[in-house]
Amino acid sequence: MAKIILKICAKDTLRAMQIGEEIDLPNSRVRPNAVRVAASELKEKENMLFECSEKNTITSIKVRRVK
């Protein structure tokens, strides 16, 4: 039986976050670069602001919605 693979859409995940919310996205599910690109696009197009950090983490990226 095949495993169901669920791929995270970085832009939709970030768009669904509430202001002040912080999440850890595992590198095995989504590339950190894709998260940064999605955050940049949302900043330009929808005026949403995010902080992305890989500091002190090896296998994930931390994202916090600021605005």
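Going residue by residue through segment 9-30, is there one that turns out to be touching a residue at least 12 places away in the same chain (Cβ under 8 Å), open to solvent by 80 Å² or more (accessible area, probe 1.4 Å) and among the β-branched types (Val, Ile, Thr)?
yes
Provide a single number: the residues in segment 44-67 that are surrounded by 15 or more Cβ atoms within 10 Å (Cβ to Cβ) and either out of contact with any helix residue (DSSP H, G or I) (no Cβ under 8 Å at 6 or more places or on another chain) or over 20 Å from Cys9 (Cβ atoms) (or both).
3
Considering only segment 31-43, state which residues are closer than 12 Å to Arg65 by Cβ and either open to solvent by 70 Å² or more (accessible area, probe 1.4 Å) or without any contact (Cβ under 8 Å) to a residue 24 or more places away in the chain (or both).
Lys43
Give just the number: which of (1) of a type outside the set (A, V, I, L, M); (2) at pLDDT 90 or above; (3) out of contact with any Leu (no Cβ under 7 Å at 6 or more places or on another chain) does Arg15 not satisfy?
The single condition Arg15 does not satisfy is (3).
The values are calculated or read from the model by the stated rules, or taken from the named source; none is laboratory data. What you are looking at is a predicted structure, and each value in this text was computed from that prediction instead of being measured. In this analysis, Cβ positions are derived from the backbone assuming ideal geometry, glycine residues included, and neighbour counts consider all displayed protein chains. Just the protein is used for accessible areas: all its heavy atoms, side chains included, with ligands, DNA and RNA removed. Shrake-Rupley method; radii C 1.70, N 1.55, O 1.52, S 1.80 Å.
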